[in-house]
Amino acid sequence: MDAAAGHQEFVDVLIVGAGISGIGAAYYLQRDHPGRRFLIVEAREASGGTWDLFRYPGVRSDSDLHTFGYEFRPWRSEVAIASGDRILEYLRETAGTHGIDGHIRYRTTVTAASWSSADARWTVSVSDAVTGARSEISCNWLICAAGYYRYDEGFTPRFAGRERFAGPVIHPQHWPQDLDYAGKRVVVIGSGATAVTLLPAMAQTAAHVTMLQRTPSYVLPVPSHDAVNARLTKWFGDERGYSMTRWVNANRQVVLWRFCRKHPKAARRLIRHLNAKLLPADYPVDEHFNPPYGPWDQRMCIVPDGDLFGAIRDGKASVVTGHIETFTEDGVQLYDGRRLEADIIVTATGLNVQALGGMALTVDGSPVNAHDHFVYKGLMLSGVPNFVFVFGYTNASWTLKVGSLCEHLCRLLSYMDSRGYDAARPVAADPGMAGLPFLDFQAGYIKRALGRLPRQGARAPWRLSPHHRADARMLRRRVDGPELVFSSALAGGSAAGSPEEARAGRR
Ligand SMILES: Cc1cc2nc3c(=O)[nH]c(=O)nc-3n(C[C@H](O)[C@H](O)[C@H](O)COP(=O)(O)OP(=O)(O)OC[C@H]3O[C@@H](n4cnc5c(N)ncnc54)[C@H](O)[C@@H]3O)c2cc1C
């Protein structure tokens, strides 16, 4: 409620977040439901989400942009693994071209949302990030496109003796733009996508960069330029070439993932072979590049044109595998007695996962604890009406999900319009079914967060699809189903039922 104006603003659809997911959702809504009023609320002062926040040296995608880009807007470059600023430019151009940027309200953080079945509406509490002023917006549908991690702080484990270190300790999520590391010795703690990106980028001017990892990751060299795309766009033009490349690359991601899961030993040998070829002859490949887990148990690190290995070959960068005992005045001391000297320490130790943009949800006065809810078709939550959240793939480009999810939602809205429904609530026929972790993914940052994330059920439509092709197939099918209960507040009740509702005597 805007107290001064004395009225509550209403939109048909409220989208939380102006990153790649929120901008994508707005495009599909606008395309398929031009009559629906929508608004994007964005906590930050700018759009782009991840691609505006992260500014560390070399920041880039690890997916190819032909699948990470939108289906509806060709990525017009042969550079497939793109820099953060090019991705940001692409996102903002998309928002501008489709008139989406005029629908974004910046510096507006959603803190809570409460659903009223009597009104078939969400009342969404927002606060102005600068003044702290609070107001309310109501909507019929709420789309959470708020990403999956906290923006205010990254994850940094406690390091003994941290206060002893004389130089700067930097988390890549908050990179100081004026940091001068030319000629400096840098230790990057971590072994994930950020660490393998930072190493070659900083090595260009630093005296030396050391990646200090506790456990190795799989590191796969890939070409930064997409030769297939170059040929396809030459033969078929930009638009068709792009969609063909997208198809080829999306399928390649599934084939690679399947191969790794089905034949982990062969995949491990292959990756090791590719690494060894790019490293000096006597390099201890197994010590630094042979993880104790199977390929794709965690997200695989991609290095364009093997740049990481190039920096190691040139002697400008190195990898150390060991456990930190303590920070010292001039670096890091390991348990095995080794000391790494540093002028700057970078803690590339990951993200703090956050469910549903940190919003407190209630449904008819009852708080929603995400972990108590099952995921319905990978886009809604059991018992939570008219709420969709966007969570992309961990084994393929995030954006592949945005398109299929939004098209499914748009068809659901059309279905409801044609029957006069204004609410849709997923309800499990057997609410006591066994719950599985939201993600079958062994990365530390995901494992730490599983207790705060919703769960998947043991069967469809509560089970997440193993890969995007299966997911897209499921989302292309009909939008209604026995476990999606429709109702109309105006008509005063449920229009379709479920065993659970029948049991509860609610119909
Ligand atoms: C460095 C880096 C590289 C990555 N590279 C890849 C890659 O190559 N391929 C891939 O598939 N994935 C990659 N990812 C994962 C990546 O985050 C997603 O692919 C994608 O960018 C997520 O987009 P999003 O719009 O869903 O979320 P985000 O980009 O996180 O955007 C969410 C937006 O929501 C806003 N927001 C959050 N909560 C609220 C709230 N309560 N109220 C209002 N606004 C809110 C945020 O301010 C933000 O602007 C990468 C992640 C990182 C950190």
(message) Of all residues being open to solvent by 30 Å² or more (accessible area, probe 1.4 Å) and outside any loop (DSSP other than H, G, I, E, B) in region 344-402, which is nearest to residue 108 (Cα to Cα)? Just the residue, please.
(response) 358
(request) Select, from 303, 285, 319, the only residue that is under 24 Å from the mean Cα position of the chain (by Cα) and among the hydrophobic types (A, V, I, L, M, F, W, C). (result) 303
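Residue-wise test of (1) at pLDDT below 95; (2) more than 22 Å from the chain's Cα centre (by Cα); (3) in a strand (DSSP E or B).
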site: 126; (1), (2), (3): no, yes, yes
site: 152; (1), (2), (3): yes, no, no
site: 159; (1), (2), (3): no, yes, no
site: 235; (1), (2), (3): no, yes, no
(request) Determine which member of the set 252, 269 is open to solvent by 40 Å² or more (accessible area, probe 1.4 Å) and under 23 Å from the mean Cα position of the chain (by Cα). (result) 252
(request) Restricting attention to region 124-155, report how many residues are in contact with a strand residue (DSSP E or B) (Cβ under 7 Å, 6 or more places away or on another chain), within 15 Å of the ligand (Cβ to nearest atom) and in contact (Cβ under 8 Å) with a residue 60 or more places away in the chain. (result) 14
(message) Consider region 116-135. How many of its residues are closer than 16 Å to residue 9 by Cα and either touching a helix residue (DSSP H, G or I) at 6+ places or on another chain (Cβ under 8 Å) or open to solvent by 60 Å² or more (accessible area, probe 1.4 Å) (or both)?
(response) 3
(request) Hey, can you tell me all the residues within region 419-448 that are within 30 Å of residue 154 (Cα to Cα), in contact with an Asp or Glu (Cβ under 8 Å, 6 or more places away or on another chain) and either of a type in the set (Asp, Glu) or more than 16 Å from the ligand (Cβ to nearest atom) (or both)? (result) 442
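Quick one: is residue 364 charged (D, E, K, R) and within 16 Å of the ligand (Cβ to nearest atom)?
Taking the combined requirement at face value, the residue does not satisfy it.
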(request) State whether one or more residues within region 406-418 are within 16 Å of the ligand (Cβ to nearest atom) and either within 24 Å of the chain's Cα centre (by Cα) or surrounded by fewer than 16 Cβ atoms within 10 Å (Cβ to Cβ) (or both). (result) yes
(request) Among what's in region 158-200 and is basic (Lys, Arg) and touching a residue at least 12 places away in the same chain (Cβ under 8 Å), pick the residue that is farthest from the ligand (Cβ to nearest atom). (result) 164
(message) Can you confirm whether residue 421 is crowded, with 24+ Cβ neighbours inside 10 Å and either of a type in the set (Phe, Trp, Tyr) or in contact with a His (Cβ under 8 Å, 6 or more places away or on another chain) (or both)?
(response) no
(message) Of everything in region 25-77, what is in contact with a strand residue (DSSP E or B) (Cβ under 7 Å, 6 or more places away or on another chain), within 12 Å of the ligand (Cβ to nearest atom) and farther than 30 Å from residue 256 by Cβ? Give them in sequence order.
(response) 26, 39, 40, 41, 42, 43, 47
(request) Filter the helices (runs of 4 or more DSSP H) completely within region 1-115 down to those with at least 1 residues that are of a type in the set (Val, Ile, Thr), surrounded by 24 or more Cβ atoms within 10 Å (Cβ to Cβ) and modelled with pLDDT of 95 or more. (result) 20-32, 65-68
(request) Output the residues belonging to region 183-233 that are within 24 Å of residue 350 (Cβ to Cβ) and in a helix (DSSP H, G or I). (result) 193, 194, 195, 196, 197, 198, 199, 200, 201, 202, 203
(message) Here is a list: 95, 120. Which entry is within 14 Å of the ligand (Cβ to nearest atom) and hydrophobic (A, V, I, L, M, F, W, C)?
(response) 95
(message) Give me the residue from region 451-465 that is touching a helix residue (DSSP H, G or I) at 6+ places or on another chain (Cβ under 9 Å) and in contact (Cβ under 8 Å) with a residue 24 or more places away in the chain and, out of that set, surrounded by the most Cβ atoms within 10 Å (Cβ to Cβ).
(response) 454
(request) Could you please let me know if residue 16 is closer than 30 Å to residue 348 by Cβ and either within 12 Å of the ligand (Cβ to nearest atom) or of a type in the set (Lys, Arg) (or both)? (result) yes
(message) I'm trying to understand the selection: among the residues of region 136-167, which are out of contact with any helix residue (DSSP H, G or I) (no Cβ under 9 Å at 6 or more places or on another chain) and closer than 30 Å to residue 35 by Cβ?
(response) 136, 137, 138, 139, 140, 142
(request) For residues that are part of a loop (DSSP other than H, G, I, E, B) and surrounded by fewer than 19 Cβ atoms within 10 Å (Cβ to Cβ), tally how many sit in region 325-342. (result) 6
(request) Of the conditions (1) closer than 20 Å to residue 342 by Cα; (2) not in a loop (DSSP other than H, G, I, E, B), residue 139 clears all except one; give me its number. (result) (1)
(request) Name, by its number, the condition in (1) within 11 Å of the ligand (Cβ to nearest atom); (2) farther than 22 Å from residue 14 by Cα; (3) touching a helix residue (DSSP H, G or I) at 6+ places or on another chain (Cβ under 9 Å) that does not hold for residue 354. (result) (2)
(message) Which of the numbered conditions does residue 448 fail, given that it passes all the others? Conditions: (1) open to solvent by 10 Å² or more (accessible area, probe 1.4 Å); (2) assigned to a loop (DSSP other than H, G, I, E, B); (3) within 27 Å of residue 61 (Cβ to Cβ).
(response) (2)
(message) Can you pull out every residue in region 378-405 that is within 16 Å of the ligand (Cβ to nearest atom) and of a type in the set (S, T, N, Q)?
(response) 394, 395, 397, 399, 404
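The values are calculated or read from the model by the stated rules, or taken from the named source; none is laboratory data. This one's a predicted model, so the numbers in the text were calculated from it and none came from an experiment. Here the Cβ is made from the backbone with ideal geometry for all residues, glycine too, and neighbour counts use every protein chain on show. Each accessible area value is taken on the protein alone, full model and side chains, heavy atoms only, with ligands, DNA and RNA left out. Shrake-Rupley method; radii C 1.70, N 1.55, O 1.52, S 1.80 Å.
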